[in-house]
Amino acid sequence: MDKLVLIGNGPLEGEVRISGAKNASLPCLAASILTAGTVNLSNLPWVRDIYTMCDLIRELGLEIEDNDDSVEIKGAKINSHIAPYQLVKTMRASILVLGPLLARLGRAQVSLPGGCAIGARPVDLHLKALEQMGAEIKLEHGYIDARAERLKGAHINFEKVTVTGTENIMMAATLAEGTTILDNAACEPEIVDLAEMLIAMGARIEGAGTERIVIEGVDRLHGCDHRIIPDRIETGTYVCAAAITRGRVSITNTEPRHLEAFLAAMKKAGLPMEIHPDRIEVFPHEGLRAVNITTEPHPGFPTDMQAQFIATMTQAEGTSIVSENIFENRFGHVPELKRMGADIVIDGNRALTIGPTPLSGAQVMATDLRASASLVIAGLIAAEETTIDRIYHLDRGYYNLEGKLGNLGAKIRRVKNGSDTVQRAVEELSNI
Ligand code: EPZ
């Protein structure tokens, strides 16, 4: 397994260009199943989860041709309704093919996604909504087996806000008979991006981005060209990296309006920034103040920024209280940050971080995608070397992280499993 080696260094300096959003790319790729036409998706980030979703779509029989940062998908030759365990077990977002398969073929067999490090992550709300739309669903041998002659529009009120649940049902409803109303729908920018793509395919959708989405079913959808929005979580991750190193970084090709709650918290912490429509300028500072945040569905503070925020708060003055309200086990990064010297106490769903606390490099282990990012952020300033193991988590959602950070002056190196040694990487980095 690859490792990342970092040596704590000075302020980051320069420009970093944000890639397309992983969490918009995944539903948009799944949406290509809805049409026999041709879909062109651009600004895709070539991270592991995107490769996995492309493999899954090929498995269903669709033709995919990938170019630089785009793909052309032809849906005419779809010939399977089965999303196999081998693929689904590596990426729970595979559940996003359930709605489109049911809508296109009237049949879907999707391996039940298991839990993951951050929580049980059931998909009961996806299934309940599809049953309300007339699907017959059986769970057996670890698979969801769903059938529906033709889904029927329904009024669905989600008991909890669910991002992929909203996306799955919105996609299913585009080809249903009649009108579907989604109440307590997720409002994330990725939902709006998916809706824009579906509308370009001929779907009739109103209200995406609000808590009530209304979809009027049509008989078929055609192909489209669609450009994926920038990744707001990658954006926030680089804001934290600039902040913790007290650097001067220009974060370009992004949409700050997708990240207002997080940016407001960083402003409250005293981070000097200039916010432009498509970029964020972060400036050097003399120290940050501790800030309290609570993770909430959009437009609240995003749970996907919680781990990176805690890493940054280890260097802020005072006690920061972070309440995690979305997932039941999303503090996997805390024990690893404490091994680097962070002073953090967990109290139920709250993490209390006391700063500023000097961090020292250590061997640490990534447990999930965003926890890995928080360890990288801490490693940027920890004294001497930090080695992060299991960075396959990181590769799922960050395109060329070590290249982008290296260009900003970070001392960071990927050590291929077995080929290099950590020591050699440390020596090379020390001599930069
Ligand atoms: C999406 O996951 C994102 N993934 C996650 O990003 C993100 O953390 C999460 O939304 C919350 O914003 C993608 O978009 C691919 P949910 P999702 O359904 O849709 C409960 C990352 O780091 N729930 O909104 O799976 C669930 O357990 C990833 O990029 C049910 O109880 O999350 C959780 O507590 C991590 N039953 C809450 O709702 C259901 O049927 C929110 O989950 C569905 C969800």
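The values are calculated or read from the model by the stated rules, or taken from the named source; none is laboratory data. Bear in mind that the values here come from a model prediction, so they are computed numbers and not experimental data. Cβ coordinates were reconstructed from backbone atoms using ideal geometry, including for glycine residues, and neighbour counts include every protein chain displayed. Ligands, DNA and RNA are excluded from the accessible area calculation, which covers all protein heavy atoms including side chains. Shrake-Rupley method; radii C 1.70, N 1.55, O 1.52, S 1.80 Å.
Here are the numbers for this structure:
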item: Percent carbon-and-sulfur accessible area, the chain, ignoring ligands, DNA and RNA, probe 1.4 Å; result: 47 percent
item: Viscosity 0.890 mPa s, temperature 25 °C, Stokes-Einstein D of segment 16-92 from Kirkwood C-alpha radius, µm²/s; result: 194 µm²/s
item: Segment 33-152: projected area of the alpha-carbon convex hull, averaged over directions, in nm²; result: 7.7 nm²
item: Accessible area per residue in Å² at 1.4 Å probe, computed on segment 349-405; result: 33 Å²
item: Charged-residue dipole, Cβ positions (Lys, Arg, Asp, Glu), segment 1-102 about Cα centre, Debye nearest 20; result: 440 debye
item: Residues of segment 173-303: accessible area per residue with a 1.4 Å probe, Å²; result: 39 Å²
item: Residue among 368, 68, 193 with the largest mean-square fluctuation in a Gaussian network model of the chain, springs linking Cα atoms under 10 Å; result: 68
item: Heavy-atom accessible area order for 51, 143, largest first, 1.4 Å probe; result: 51, 143
item: Listed residues 402, 159, 336, most fluctuating in the chain (Gaussian network, C-alpha, under 10 Å); result: 159
item: Anchor residue 89: aspartates and glutamates whose Cα lies under 12 Å away (excluding residues fewer than 8 positions away in-chain); result: 49
item: Among 74-85, 421-432, the order from most to least packed when residues are scored by Cβ within 10 Å on average; result: 74-85, 421-432
item: J(HN,Hα) series, segment 55-67, from Karplus relation 6.51 cos²θ - 1.76 cosθ + 1.60, nearest Hz, glycine and proline x; result: 4, 5, 5, 5, 4, 7, x, 6, 9, 10, 10, 9, 10
item: Spatial separation of Cα centroids for segment 231-290 and segment 186-219, in angstrom; result: 29 Å
item: Per residue accessible area of segment 22-84, 1.4 Å probe, in Å²; result: 34 Å²
item: Hits among lysines - C-alpha to C-alpha of residue 152 under 24 Å, sequence gap 8 or more where chains match; result: 128, 138, 160
item: Cα centroid separation - segment 78-126 against segment 307-373, whole Å; result: 32 Å
item: Three-way shape label, the chain, alpha-carbon gyration tensor, a/c 1.5; result: prolate
item: Translational D in µm²/s for segment 142-274 (Stokes-Einstein at 25 °C, 0.890 mPa s, Kirkwood Rh from C-alpha pairs); result: 145 µm²/s
item: Fraction of beta bridges assigned by DSSP in the chain that are antiparallel (%, nearest 5); result: 70 percent
item: Value of [θ]222 nm, deg cm²/dmol, for the chain, DSSP H segments ≥ 4, -39500 (n - 2.57) each, nearest 500; result: -8500 deg cm²/dmol
item: Candidate lysines for bridging to residue 338, where Cα separation is under 30 Å - those fewer than 8 sequence places away on the same chain excluded; result: 3, 22, 267, 268, 404, 411, 416
item: Whole-Hz ³J(HN,Hα) from phi, Karplus 6.51 cos²θ - 1.76 cosθ + 1.60, for segment 305-321, glycine and proline x; result: 10, 5, 5, 5, 5, 4, 4, 5, 5, 5, 10, 8, 7, x, 10, 9, 9
